[in-house]
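One structure is given here, and the rest of the page talks about it.
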């Protein structure tokens, strides 16, 4: 089933067949561009290693920053590093829309009946993650921030604030801090003046912002005390609490940005059949449940839910959807389809001021 916001386009740069880059995967191996951190570690244990054992195919993993520029540059250079990549709720539909990913809807990788949200022809749903407010309970205890307005209040809560170094998942937080409800955020974001309102709010906090590029970096800054609180992704936060005995506290009730994460196949990979084989395996309920039992992001295959450790329920985004902004909302996705490039430029210029 195709979402109506994915517009078919044929890019001139993709009209010629891509050559096989030096070091490109052979038929006996696959290369995956993952997101690093806890999510990629869980995917390795729950999906990659079991598939290698089952198929005999060697999988070589890499990681990238989940930004569109890297995907574009590989296609424009006709030199692919990866056969498969993991993409998030803003970048995945945009890369699909631009023709950077293979349309795999005819490959019968997944069935719509197994998933709640409509399928997108280039994307295989893997898990749901939430961008959340986090503070260190070892330092603030029960007196930590409760709202995004608190996050902006450097008098009440002195110290730097951690932000993901991108306009998407930053602009939205500014609107929440300015009093917009999670229910109305997409409407305000997409309305005339919504972005200007967000940048005006960001101006207030700009001297106190510490930018980060990976979730592990964000939590290192939080643990060291270099920042007082941060935006981060829920699974990495909970994993740090479980494995490293941290007391990082997620403020679910403040509002969080929830969206789907996907695997996708790079356009013109010479290993399309091998990539499809892996994705069919990774999308199965058993593998998605194993992934979530390692790192608490919510599975998107509904059949995986009964297979989860019941103790995980409270820490999964699916238990807190009443305070979520839905990043898979067609209006939200359409906004970023239309505005990502312009806002990347405006955001970079604003940072440099």
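The values are calculated or read from the model by the stated rules, or taken from the named source; none is laboratory data. Just so it is clear, the model here is predicted, and its values are computed rather than measured. Ideal geometry is used to build each Cβ from the backbone, glycine not excepted, and the neighbour counts take in all protein chains shown.
Of the residues making up the stretch 295-353, those that are in contact (Cβ under 8 Å) with a residue 24 or more places away in the chain and assigned to a helix (DSSP H, G or I) number 23. Do we find that residue 250 is surrounded by fewer than 23 Cβ atoms within 10 Å (Cβ to Cβ) and over 27 Å from residue 33 (Cα atoms) in this structure? So residue 250 fits the description; yes. Of the numbered conditions (1) outside any strand (DSSP E or B); (2) in contact with a helix residue (DSSP H, G or I) (Cβ under 7 Å, 6 or more places away or on another chain); (3) more than 19 Å from residue 65 (Cβ to Cβ); (4) at pLDDT 95 or above, residue 239 satisfies every one except a single condition; which is it? The number of the failed condition is (4). Checking each residue in the stretch 302-347 for being within 30 Å of residue 197 (Cβ to Cβ), more than 20 Å from the chain's Cα centre (by Cα) and surrounded by 13 or more Cβ atoms within 10 Å (Cβ to Cβ) picks out only 346. For the stretch 288-301, the set of residues classified as buried (at least 23 other Cβ atoms within 10 Å of the Cβ) and either out of contact with any strand residue (DSSP E or B) (no Cβ under 8 Å at 6 or more places or on another chain) or not assigned by TED's automatic domain parsing to the domain that holds residue 104 (or both) consists of 295, 296, listed by residue number. When the residues of the stretch 89-105 are filtered to those that are assigned to a loop (DSSP other than H, G, I, E, B) and under 12 Å from the mean Cα position of the chain (by Cα), the one that is farthest from residue 119 (Cα to Cα) is 90.
Let's see how each residue does on (1) modelled with pLDDT of 95 or more; (2) buried (at least 23 other Cβ atoms within 10 Å of the Cβ):
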position	(1), (2)
209	yes, no
214	no, no
218	yes, yes
224	yes, no
234	yes, yes
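Inside the stretch 57-69, residues that are out of contact with any strand residue (DSSP E or B) (no Cβ under 8 Å at 6 or more places or on another chain) and touching a residue at least 12 places away in the same chain (Cβ under 8 Å) make up a count of 3.
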